[in-house]
């Protein structure tokens, strides 16, 4: 089982913390500090496993980490997980972040902490590995983001709605069918004054990739 | 449109943390990840704070605003506020006031609010809190929601923080979802079931049928979840394990499919088809095949196939191989296959990648008990890893090296281990030292080698050894009588070079005191002759006494050693006398007490000094009365208290017999100093050498010390009498003095008293005056007990008496219901 996932930068600033076992807030911070202290003094060419944390990562547990540019990704796991498997999992997670954020960097993690949590939620659940197929993870995260976005501000300009609808509009509508937003969209589509929006929607369905704003 | 928050920041400061596509121009277009603007504004404000104090200010303001908005009714920005709070929480600021908001958000009909609400609940709520009960109903509703993403949020939260109660309530829902048609939900339900089984073991039965049928799934995510669930079920219940043995052919089939299938883009990770699923199935096979011939037979071929066909040039391939090896070694596999597995580990051990070497040693550690010889073959490589620069590799290699030490290789292995000890990282030092001690004790080829090895450890890592090392080593030295001269010379020289390693200094002082005559004679054949004068030896001890590096215990050792030298040297007794008298006014009470006692020994009882300071007899390991106070204390604590109706009357361990305080009685009148805490370092020196004589001496003095309170006999059996007197100290406090005497014709030794009182009464036993009762009532043992009875309950005391007479042990218990001189205070 994965006990916790910590991401912090080269100075020990936390960028994402996730504990799958309860720790009080001060304890969490102490764990981050200790883990940073343990990990940061290790060279980049040594192995990615670490034992002997006093708060977490001791006895049966291990810290398995990877260091990317400015960030450390640290997973604390017990003996029921394969060390090399977790190492690959970290890679999968980071590659997934890279796909979701297009060339992900530390600032993405800072300003989109919630999004990173949602992505992680599709990879690890309750301390157990959930999914390792990157395409599947990215697809599910995108669908959820779209669903969320479509309802956030029903009164916002519909251009925004259009831009979030991409590959499969039918999937999208079926997803939100039970939410108020669906009714709103169908209203819009039937509104003759807003036909431009309807066209936008159709256009975006043809694009296989996520559209970038042209302006 | 690029309103990205950090477009103005030069990208070289924050290079991409990972890049598959470096050709990207680094323009930020987060179409998919829409920025939640208020959150980002706050983050920017926090980041612009220049000092910690400024940051706190910003966060306090933000938190106040968030709190205020939580109190308002729906204002549309609720999800932003919670997201902000989660950021603040990550930075380590208190965020518990958001708990109820999480509960409210989860109940919201909007997905965006539910999403952040559930995230908040997982971060801020603890399953033990009441607030988590409030979300049970929301989770239940959401599990039955028509939208899979809402269901997924509920599943995720339940799997993360579901309490036992919640799990019991929702288990049927999860079982239903395990049979759903949607694979996205099924894989999450499977992991949720794992959490439920962990919380409530007996619910495992409920999920077993569904788990079994999930194995026919095609979706890898669901299969993975199913395998995790089955592993959990099998580990919880041996009967379930038995039933799932039937699935071995299915699992083998799934594995074969993965190994033999050609390239499938969906599951490929560097040329291996879904290594995660493979690893998980191999783990399950290990559990199913363990101790079972049939199941093991069924998977032998597959394991051989995986072991030979997996590409070992990449990490993923090695992950699968590693798991295969562990499975082969754990089940009842064919011998050929085992050889293959150990060979793979041998190959791993030579790998350039430290990760691979690390896991090779981790796995060898697992089999060192069963396939000792196979691991022994790799000893050279393993020992080489002790010199690796990586602390993790070193740690593994140390563990394995210690496990590989045997009678035949002890000398060469120990050389390596001692070398390692001198350069090893501080966090490994104490472990290495105790490992070396254990190995030396088990396989030492000679006593001299054993002593040398222990001294070597003390010299290199004296600060990191455990406390019991000192008495252990002293015992070892006493027993090796022909090596006394050699040892004391060696320690003397070690003491001259370094007085900072406390444990080494303690042993050295003890030996110089004990074998001072041998040190001065200097006719030791084993070392090059060094002429040590009396002054040299005293100089060395005095340096220790005066050094600021010496701990109080070490000083105690040095002072006692100095005192002992007074009978082992001829000329410089006056110098010793003056040293001892100087410390009579030492600020350290313990040391002062010792010095005053020794002073009295010089002045009043000089005729007995030689007998008192005689050489210690050979110490028997851990026998009470011979080792120091700490040990005796432990030995008493080990006696199961059940003998005296456990629970009702907690039996407190009595302070061990501590002859040191006998010396104190020499002082006569001053009763204030009569209750010393046992000094482990000192008692070992003063202990029992001439205990009997000393007690005789005390016999005469004792009556003067007794309080004039009425004394009543409470116990009289076999010539042993115990009398009791009480003195009221305060409204609730009471001092009970127990006096034991022996009227038989034989001496009694190891006499101890233990007392138990009702729970509400506090009991404190002072150090007894001794543990030795010579024949025909010539001396007594006095035990003071301080009782505090704040609730004024009916006072009772149970006393256990134990002693040894004519080499056989006696034990008896007596209950005391009334206390003379106490006017029914308890009633």
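The values are calculated or read from the model by the stated rules, or taken from the named source; none is laboratory data. For clarity, every value in this text was computed on a predicted model and none was experimentally measured. Quick reminder, even Gly has a Cβ in these numbers, built from the backbone with ideal geometry, and neighbours come from all protein chains shown.
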Residue A:116 passes all but one of the listed conditions (1) in contact with a strand residue (DSSP E or B) (Cβ under 8 Å, 6 or more places away or on another chain); (2) over 23 Å from residue B:282 (Cα atoms); (3) at the interface with chain B (Cβ under 9 Å from one of its Cβ atoms); (4) in a helix (DSSP H, G or I); the exception is number (3)
Note on residue A:103: of the conditions (1) buried (at least 20 other Cβ atoms within 10 Å of the Cβ); (2) facing another protein chain (nearest Cβ under 9 Å); (3) closer than 27 Å to residue B:271 by Cβ; (4) modelled with pLDDT of 90 or more, unmet is (4)
Going through (1) touching a residue at least 12 places away in the same chain (Cβ under 8 Å); (2) more than 18 Å from residue A:116 (Cβ to Cβ) one by one, residue B:112 fails only at (2)
Considering residues that are surrounded by fewer than 19 Cβ atoms within 10 Å (Cβ to Cβ) and closer than 16 Å to residue B:765 by Cβ, the number found within region B:797-807 is 1
Heads up, the strands (runs of 3 or more DSSP E) in region B:710-766 (entirely inside) with at least 1 residues that are over 20 Å from residue B:810 (Cβ atoms) are B:711-717, B:720-728, B:733-742, B:762-765
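Per-residue answers, yes or no, for (1) touching a strand residue (DSSP E or B) at 6+ places or on another chain (Cβ under 6 Å); (2) over 21 Å from residue A:88 (Cα atoms); (3) surrounded by 21 or more Cβ atoms within 10 Å (Cβ to Cβ); (4) touching a residue at least 40 places away in the same chain (Cβ under 8 Å):
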{"site": "B:271", "(1), (2), (3), (4)": "no, no, no, yes"}
{"site": "B:275", "(1), (2), (3), (4)": "yes, no, yes, yes"}
{"site": "B:281", "(1), (2), (3), (4)": "no, no, yes, yes"}
{"site": "B:289", "(1), (2), (3), (4)": "no, yes, yes, yes"}
{"site": "B:300", "(1), (2), (3), (4)": "no, yes, no, no"}
The number of residues in region B:327-348 that are surrounded by fewer than 22 Cβ atoms within 10 Å (Cβ to Cβ) and under 31 Å from the mean Cα position of the chain (by Cα) is 2
Restricting region A:51-84 to residues that are at the interface with another protein chain (Cβ under 7 Å from one of its Cβ atoms), touching a residue at least 24 places away in the same chain (Cβ under 8 Å) and outside any strand (DSSP E or B), the one farthest from the chain's Cα centre (by Cα) turns out to be A:83
The helices (runs of 4 or more DSSP H) lying entirely within region B:164-216 that contain at least 2 residues which are at pLDDT 90 or above and over 29 Å from residue B:130 (Cα atoms) are B:183-199, B:204-214
### Query
Can you spot a residue in region B:231-248 that is exposed (fewer than 14 other Cβ atoms within 10 Å of the Cβ) and touching a strand residue (DSSP E or B) at 6+ places or on another chain (Cβ under 7 Å)?
no
Of those in region B:170-192 that are closer than 18 Å to residue A:126 by Cα and more than 14 Å from chain A (Cβ to nearest Cβ), the residue surrounded by the most Cβ atoms within 10 Å (Cβ to Cβ) is B:178
In this structure, does residue A:87 turn out to be within 22 Å of the chain's Cα centre (by Cα), more than 9 Å from chain B (Cβ to nearest Cβ), buried (at least 20 other Cβ atoms within 10 Å of the Cβ) and in contact (Cβ under 8 Å) with a residue 24 or more places away in the chain?
no
For region B:381-436 the number of residues that are assigned to a loop (DSSP other than H, G, I, E, B), within 14 Å of another protein chain (Cβ to nearest Cβ) and over 20 Å from residue A:41 (Cα atoms) is 0
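For (1) at pLDDT 90 or above; (2) within 14 Å of chain A (Cβ to nearest Cβ); (3) part of a helix (DSSP H, G or I), each residue gets a yes or a no:
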site	(1), (2), (3)
B:278	yes, yes, yes
B:283	yes, yes, yes
B:286	yes, yes, yes
B:303	yes, no, yes
B:308	no, no, yes
B:313	no, yes, no
B:316	no, yes, yes
B:326	yes, yes, yes
Being at pLDDT 80 or above and surrounded by 14 or more Cβ atoms within 10 Å (Cβ to Cβ) narrows B:775, B:740 down to just B:740
Listed by range, helices (runs of 4 or more DSSP H) wholly within region B:60-152 having at least 2 residues that are facing chain A (nearest Cβ under 10 Å) and under 23 Å from residue A:18 (Cβ atoms) are B:78-90, B:111-124
Every listed condition ((1) outside any strand (DSSP E or B); (2) free of Cβ contacts under 8 Å to residues at least 40 places away in the same chain; (3) touching a strand residue (DSSP E or B) at 6+ places or on another chain (Cβ under 8 Å); (4) surrounded by 19 or more Cβ atoms within 10 Å (Cβ to Cβ)) holds for residue A:44 save (4)
